[in-house]
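The values are calculated or read from the model by the stated rules, or taken from the named source; none is laboratory data. Treat the numbers as computed from the prediction; the structure is a model and nothing was measured. Here the Cβ is made from the backbone with ideal geometry for all residues, glycine too, and neighbour counts use every protein chain on show.
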Amino acid sequence: MINSDTLNRYKPTSINLHWLTLFLMAAIYASIELHEIIPRGNPLRQATEDWHIYLGFSLIPIVLYRLFYILISPIPPITPPPPQWQATVTKLMKIYLYVLMLGMPLLGWIYLSADGDAINVWSLPLPAITPQSEGLAEFAEEAHEILGLSGYLFIPVHAFAAIYHHFLIKDNTLSRMLPKFLVKD
């Protein structure tokens, strides 16, 4: 039976993938921040870099599956509907977040490949996706860092927008994506 709640919320798979992605991205950012504060020569420094790489590579299949799932699942409407300019900004923000979620790990892979580093993720060797090239390695590293830094702005803006809509606009933007146990009926 289909009820209005089913039509006004994302499907559980979308909700679970959203929050899994958030958790994974938080761990990716935390691992690289820890890496930066741990002194050189400390074995934990390399471990945090390894975890950054492992988690970054883990993000790729999850984001690809999310993109696939978007194509086969309806997006519940925001009620009441936002003005057209907000809908446009929302669409652009979502596109950018997907560029961020796919671009960062792919640029990291390009960087490692171009730098000539062996790539092992979860004890599985991965192929280089580019030939060795100092110039490409420098470009990919810089692009990876710039895209990563932009996440410090765009991820909180995404979260604050949802909270703003929930508490000030009082629409269902946030409640559509919250786990069912957090949503009041």
Just for the stretch 69-85: of the residues that are more than 24 Å from His165 (Cα to Cα) and not aromatic (Phe, Trp, Tyr), which one is surrounded by the most Cβ atoms within 10 Å (Cβ to Cβ)?
-> Ile72
Which condition does Met93 not pass, out of (1) under 20 Å from the mean Cα position of the chain (by Cα); (2) at positive phi, if it passes all the others?
-> (2)
Can Leu24 be described as without any contact (Cβ under 8 Å) to a residue 40 or more places away in the chain, surrounded by fewer than 13 Cβ atoms within 10 Å (Cβ to Cβ), under 18 Å from the mean Cα position of the chain (by Cα) and under 20 Å from Met104 (Cβ atoms)?
-> no
Going through the stretch 115-162 in order, the residues found to be in a loop (DSSP other than H, G, I, E, B), surrounded by 13 or more Cβ atoms within 10 Å (Cβ to Cβ) and touching a helix residue (DSSP H, G or I) at 6+ places or on another chain (Cβ under 7 Å) are Ala128, Thr130, Ser133
Selected residue (only one of His35, His18 is within 25 Å of Asn172 (Cβ to Cβ) and modelled with pLDDT of 95 or more) | His18
Pairs returned, first residue in the stretch 37-50 that is within 18 Å of Glu145 (Cβ to Cβ), second residue that is loosely packed, with under 10 Cβ neighbours inside 10 Å and of a type outside the set (Gly, Ala, Ser), beta-carbon separation under 8 angstrom, 6 or more apart or interchain, are Arg45/Pro39
Between a first residue in the stretch 91-114 that is closer than 14 Å to Phe154 by Cα and in contact (Cβ under 8 Å) with a residue 24 or more places away in the chain and a second residue that is surrounded by 14 or more Cβ atoms within 10 Å (Cβ to Cβ) and among the polar types (S, T, N, Q), which pairs have beta carbons less than 9 Å apart while being 6 or more apart in sequence or on different chains?
-> Tyr96/Ser150; Leu100/Ser150; Met101/Thr21
With the condition kept exactly as written, say whether any residue in the stretch 46-56 is touching a helix residue (DSSP H, G or I) at 6+ places or on another chain (Cβ under 6 Å) and among the small types (Gly, Ala, Ser).
-> yes
Return only the number of the condition from (1) surrounded by 13 or more Cβ atoms within 10 Å (Cβ to Cβ); (2) of a type in the set (S, T, N, Q); (3) part of a helix (DSSP H, G or I) that Thr88 does not satisfy.
-> (1)
Provide a single number: the residues in the stretch 169-185 that are modelled with pLDDT of 95 or more and part of a helix (DSSP H, G or I).
-> 1
For Thr21, are the conditions met, namely being among the polar types (S, T, N, Q) and under 30 Å from Pro131 (Cβ atoms)?
-> no
